[in-house]
Amino acid sequence: MIVKKTNLVPLKIASGWFISTNNFVETDISENGDPQRQWYELHEDLFFMYKMAYNQIEQKYTYENWPCLDVSWKGDGDPKNGFYQLCILNTDWENVAFTLTTRNRAIIQDVIELASQGLGYTEEVPAIVNQIVKHLEGNFDLTEWSWIPN
């Protein structure tokens, strides 16, 4: 199988964030999209970033008690029935603070950028979640996305 060059979704990420996974590409999920490309590019691990800080006492970088953001495609390789899922969590999957689902890539792009600019400590997560929801309500059709406050 020959896979054509992919274009990463352009993201404006604030400093202090570490991106450990970036497979978030401009995939055409419509019926006109290339099925081979869709199968290859729509999968669980699309994007993951986390905030880190330098611990002066331990003299090392740490991400404990700092927020993380994860993006995945639910429905591996299935553009018709699948969707993007974005989670903001507090360094572990036991403490997911916000879950967003949508089929609109622009919504995910907006939320990644907003979160990177507004999140610092995990105590700030509820405030930024409220800002994200207000932004989405003002800029996107409510039928295009849904969220679960955790």
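The values are calculated or read from the model by the stated rules, or taken from the named source; none is laboratory data. Just so it is clear, the structure is predicted and the values come from calculations on it, not from any experiment. Virtual Cβ from ideal backbone geometry, glycine too; neighbours counted across all protein chains shown. The accessibility values were calculated without ligands, DNA or RNA, using every heavy atom of the protein model including side chains. Shrake-Rupley method; radii C 1.70, N 1.55, O 1.52, S 1.80 Å.
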Seminar exercise, completed: Restricted to segment 69-84 and to residues being at pLDDT 90 or above and open to solvent by 40 Å² or more (accessible area, probe 1.4 Å), the residue farthest from Gly118 (Cα to Cα) is Asn81
For this session: Could you list all residues from segment 23-33 that are surrounded by fewer than 16 Cβ atoms within 10 Å (Cβ to Cβ) and under 14 Å from Arg105 (Cα atoms)?
Result: Glu26, Asp28, Ser30
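Residue-wise test of (1) out of contact with any helix residue (DSSP H, G or I) (no Cβ under 6 Å at 6 or more places or on another chain); (2) part of a helix (DSSP H, G or I); (3) not β-branched (Val, Ile, Thr).
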position	(1), (2), (3)
Thr6	yes, no, no
Ile13	no, no, no
Thr21	yes, no, no
Thr27	no, no, no
Tyr54	yes, no, yes
Gly77	no, no, yes
Lys80	yes, no, yes
For this session: For Glu94, state whether it is more than 19 Å from Leu46 (Cα to Cα) and in contact with a strand residue (DSSP E or B) (Cβ under 7 Å, 6 or more places away or on another chain).
Result: no
For this session: Take Ala97 and decide whether it is open to solvent by 10 Å² or more (accessible area, probe 1.4 Å) and modelled with pLDDT under 85.
Result: yes
For this session: Assess whether Ala127 counts as being small (Gly, Ala, Ser), in a helix (DSSP H, G or I) and either open to solvent by 50 Å² or more (accessible area, probe 1.4 Å) or at pLDDT 90 or above (or both).
Result: yes
For this session: Go through segment 34-68 residue by residue and tally those that are surrounded by 12 or more Cβ atoms within 10 Å (Cβ to Cβ) and not aromatic (Phe, Trp, Tyr).
Result: 18
